[in-house]
Amino acid sequence: MAERRCTEVESAIDTLVTEFHKAANNRATVSSAGLTNLVSSQLPNRVKNSEDPTVMAALMKQLNIKDSEGITFQEFWGLIRQLATTEHEQSYKQKKPVECTCRLA
């Protein structure tokens, strides 16, 4: 039986999970420093100045993420959900359709 190739959406999910695991050193949670590194390396066009501790602290507070026991994938997913929702909403505020400039396009 031929192996099925991943769709673009499936590949995007795989990438999110893989990058989280890398940042977390294959643990269940990632530290705030690991999250900062992940965001600054993988989302530099979506989260500006993520290297600034105050920016990341404000972002974590906005998303109600507490780093006392590490940051879970579900909490990381909340950030991804917020960024994707913002991107989606902004695309409809434009008068004319905007070509996607994201990496996946």
Which distance in nm do the two modelled labels at Thr72 and Leu43 give, with both placed 7 Å along the Cα-to-Cβ direction?
1.8 nm
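Could you give the length gained on full extension between Gln82 and Thr54, defined as 0.36 nm per residue of separation minus the Cα-Cα distance, in nm? Provide the component values of the computation, followed by the final result.
Values: separation 28, 0.36 × 28 = 10.08 nm, distance 1.88 nm.
Gain on stretching Gln82 to Thr54: 8.2 nm.
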Can you check what the net charge comes to around Leu63, using other residues whose Cβ is under 11 Å from the Cβ of Leu63 (Lys, Arg +1; Asp, Glu -1)?
+2
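How would you classify the chain from its alpha-carbon gyration tensor, with a ≥ b ≥ c the square roots of the eigenvalues: rounded for a/c under 1.5, else prolate if a/b is greater than b/c, otherwise oblate? Walk me through the numbers before you get to the answer.
Details: a/c = 2.18, a/b = 1.14, b/c = 1.92.
In terms of gyration-tensor shape, oblate.
Between Asn25 and Arg4, how high is the FRET efficiency from 1/(1 + (r/R0)^6) when r is the Cβ-Cβ distance and R₀ = 41 Å? Nearest 0.05. Mind showing how you got there, number by number?
Working: r = 31 Å, r/R0 = 0.75.
Efficiency, rounded to the nearest 0.05: 0.85.
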Tell me, what is the percent relative contact order of segment 10-93, built from C-alpha pairs under 8 Å that lie six or more residues apart?
26 percent
Under 5 Å between amide H atoms, partner at least 5 residues away or on a different chain: which partners does Ile71 have, H built in plane at 1.01 Å?
Val30, Ser31
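Counting trypsin sites (Lys or Arg not before Pro) as exposed when in a DSSP loop with at most 13 other beta carbons within 10 Å, what is the longest stretch of the chain free of them? All intermediate terms of the calculation are to be shown ahead of the outcome.
Working: sites that count: Arg4, Arg5, Arg27, Lys48, Lys66, Lys95, Arg103.
It runs 67-94.
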Where does each of His21, His88 land when they are ranked from fewest to most other beta-carbon atoms within 10 angstrom?
His88, His21
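Since every read-out is calculated from the coordinates, none of them should be taken as a lab result. Not measured: the values here are computed from a predicted model. Because the Cβ atoms are built from the backbone with ideal geometry, glycine has one as well, and the counts that use them run over all protein chains shown.
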